[in-house]
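**Q** Below are the structure tokens for one structure; questions will follow.
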Amino acid sequence: MPNPGDALREANGRYMFHPMVDPKAVAEEAPLIIERGQGVHVWDIDGKRYLDTVASLWNVNVGHDRPEVKRAIVEQLDKLAYYSTFVNTSNPPAIELSQRLVELFAPERMRKVLFSAGGSDAVETALKLARQYWKLEGQAQRSKFISLKLGYHGVHFGGASINGNPLFRLAYEPLLAGCFQVETPYLYRNPWGETDAARLAARCAAELDRAIQYQGPETVAAFIAEPVQGAGGVIVPHESYWPLVREVCDRHGVLLIADEIVTGFGRIGAMCGSRAWGVAPDIMALAKGINSGYVPLGATVVNDRVCAAFDKPGAAAALMHGYTYSGHALACAAANANLLIVEQEDLPGRAREVGAYLQERLGEFMRFRNVGDVRGKGLMAAIELVEDRESRVPLAAPALFVRRLVGFAREEGAIVRVQGNRLILSPPLVYSKADVDETARILGRAFERAEKE
Ligand SMILES: Cc1ncc(COP(=O)(O)O)c(C=O)c1O
């Protein structure tokens, strides 16, 4: 009897381009096709169950198949699936969500929201609003963006231009002019061999300062970074880093944009990553956890300072930016229900508590000889794989050991993700300590088996 899944797998390789992989590799290696999810688990088309240790793509924060979110989508669908928010039409769930976001980020003095359809859109919106802000302020020459090495900000031309990893840029160059990257506070690998986190934070902030001065502060629009770098390898800065960055930006009048697409809505133990570091940015890019991926949605929120430029009487401040799906009614209805769960179940608090346990259990993985570093904050973590601890030479993804590790983890019942030489964990925020134990057990088995072979 032919397995009906085989036809699907074959058609996938034949017809579909997958993001972030060489199509030839997809054709050679059958993909894992997920057909059902519930809570922190998903099932593939052959009926095998997996622990979703990555919340799909850092986003299914309230877990799969939440009745509250599904109900909100269906109720909205029964009334209205979509109506545009261009110019002077709107829809109720979008209005409700904009108010909710402004209230949620009142401590950061956020005042207005521009919706989009995902993280890359939210970043693009942030960059364009920053440029427009400076035009409205009469400083049109402030057009440059500075970001961090290893930063990931989505894939649009703006986001790719500020990306801090050449892999995401090379195939699409030439990119936007006037984008520069500075060192990131990466304790395990930094060009100074600095081993003290506070001193590294000071060095990195000083480098940002020098970069702004070198470019000429009057030409720099904004500095953008993730509160904890995600795709770059879960790089957690010292607590002094973000306050220092805010100070440098303020000294030069530069806008501070926080890419909160992964860290927004609880993942590192606070409602947003900036808050966890005690800093209020001027602009925040949001997506993913905003509605846990039930319907695509992005949002860019701006503070009083940015709004004031658009409010100036007489200013020609039309927002010539926005998407057909800005404020999509189903996406916003899903977000309203999702954010109610985030608040009612105190998912930031849960990420703090269960996250501390996750970090503790992952610390045990230093017993494996190919583990060079284990780090994280809240419910995001990375295990950095190396050839050996002395040399710290990265064990890259094509390495047999890494492929085996991912394969064995799957066999043992968990989906894990490898990015470069880092195994990344970003489970749903509804993860329990028992789920952490199960993750540690499965990963431990996968490491043992990979080491033995
Ligand atoms: C920090 C960060 N910014 C932006 C993005 C882009 O979001 P999207 O893939 O929804 O366009 C991502 C996606 O992983 C991200 O991690």
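The values are calculated or read from the model by the stated rules, or taken from the named source; none is laboratory data. Not measured: the values here are computed from a predicted model. Here the Cβ positions follow ideal geometry from the backbone for every residue, glycine too, while neighbour counts run over all protein chains shown. Surface accessibility is based on the protein's heavy atoms, side chains included, excluding ligands, DNA and RNA. Shrake-Rupley method; radii C 1.70, N 1.55, O 1.52, S 1.80 Å.
**Q** Just to be sure, is N303 modelled with pLDDT of 95 or more and more than 24 Å from S84 (Cβ to Cβ)?
**A** In short, yes.
**Q** While we're on this one: Restricting to the stretch 251-269, name every residue that is at negative phi, out of contact with any His (no Cβ under 7 Å at 6 or more places or on another chain) and either open to solvent by 20 Å² or more (accessible area, probe 1.4 Å) or within 16 Å of the ligand (Cβ to nearest atom) (or both).
**A** R251, H252, L256, I257, A258, E260, I261, V262, T263, G264, R267, I268 - these are the residues of the stretch 251-269 that are at negative phi, out of contact with any His (no Cβ under 7 Å at 6 or more places or on another chain) and either open to solvent by 20 Å² or more (accessible area, probe 1.4 Å) or within 16 Å of the ligand (Cβ to nearest atom) (or both).
**Q** Say we look at the stretch 217-250 and pick out the residues that are open to solvent by 10 Å² or more (accessible area, probe 1.4 Å) and small (G, A, S); which of these is farthest from the ligand (Cβ to nearest atom)?
**A** S240
**Q** Still on this structure, please answer the following. Hey, any hits in the stretch 82-90 for a residue that's farther than 30 Å from N3 by Cβ, open to solvent by 20 Å² or more (accessible area, probe 1.4 Å) and touching a helix residue (DSSP H, G or I) at 6+ places or on another chain (Cβ under 6 Å)?
**A** Yes, some residue in the stretch 82-90 is farther than 30 Å from N3 by Cβ, open to solvent by 20 Å² or more (accessible area, probe 1.4 Å) and touching a helix residue (DSSP H, G or I) at 6+ places or on another chain (Cβ under 6 Å).
**Q** A further question follows. Filtering the stretch 102-148 down to residues that are touching a residue at least 24 places away in the same chain (Cβ under 8 Å), basic (K, R) and away from the ligand (no atom under 16 Å from the Cβ), which residue is farthest from A308 (Cα to Cα)?
**A** K144
**Q** Among (1) more than 23 Å from the chain's Cα centre (by Cα); (2) closer than 18 Å to A382 by Cα, there is one condition R449 misses while meeting the rest; what is its number?
**A** Failing condition for R449: (2).
**Q** Also: Output the number of the condition that V342 fails; it satisfies all remaining conditions of (1) within 15 Å of G289 (Cα to Cα); (2) open to solvent by 20 Å² or more (accessible area, probe 1.4 Å).
**A** (2) is the only condition that V342 fails.
**Q** For the stretch 39-65, what are the residues that are crowded, with 21+ Cβ neighbours inside 10 Å and either among the acidic types (D, E) or modelled with pLDDT under 95 (or both)?
**A** Within the stretch 39-65, D52 is the sole residue that qualifies.
**Q** Just a yes or no: is a residue in the stretch 168-186 over 18 Å from C307 (Cβ atoms) and within 14 Å of the ligand (Cβ to nearest atom)?
**A** yes
**Q** A further question on this structure: Condition first: farther than 19 Å from T263 by Cα and open to solvent by 30 Å² or more (accessible area, probe 1.4 Å). Now tell me which residues in the stretch 419-431 satisfy that.
**A** Answer for the stretch 419-431, where residues must be farther than 19 Å from T263 by Cα and open to solvent by 30 Å² or more (accessible area, probe 1.4 Å): just G420.
**Q** In the stretch 307-325, is there at least one residue being buried (at least 23 other Cβ atoms within 10 Å of the Cβ), farther than 30 Å from V60 by Cβ, in contact (Cβ under 8 Å) with a residue 24 or more places away in the chain and not acidic (D, E)?
**A** no
**Q** Hey, another quick one. Could you tell me whether G151 is more than 16 Å from the ligand (Cβ to nearest atom) and either farther than 26 Å from C332 by Cα or not basic (K, R) (or both)?
**A** no
**Q** Now, a different point. Looking at R392, R410, R404, R369, which is the one that is surrounded by fewer than 20 Cβ atoms within 10 Å (Cβ to Cβ) and at positive phi?
**A** Selected residue: R392, the only one of R392, R410, R404, R369 that is surrounded by fewer than 20 Cβ atoms within 10 Å (Cβ to Cβ) and at positive phi.
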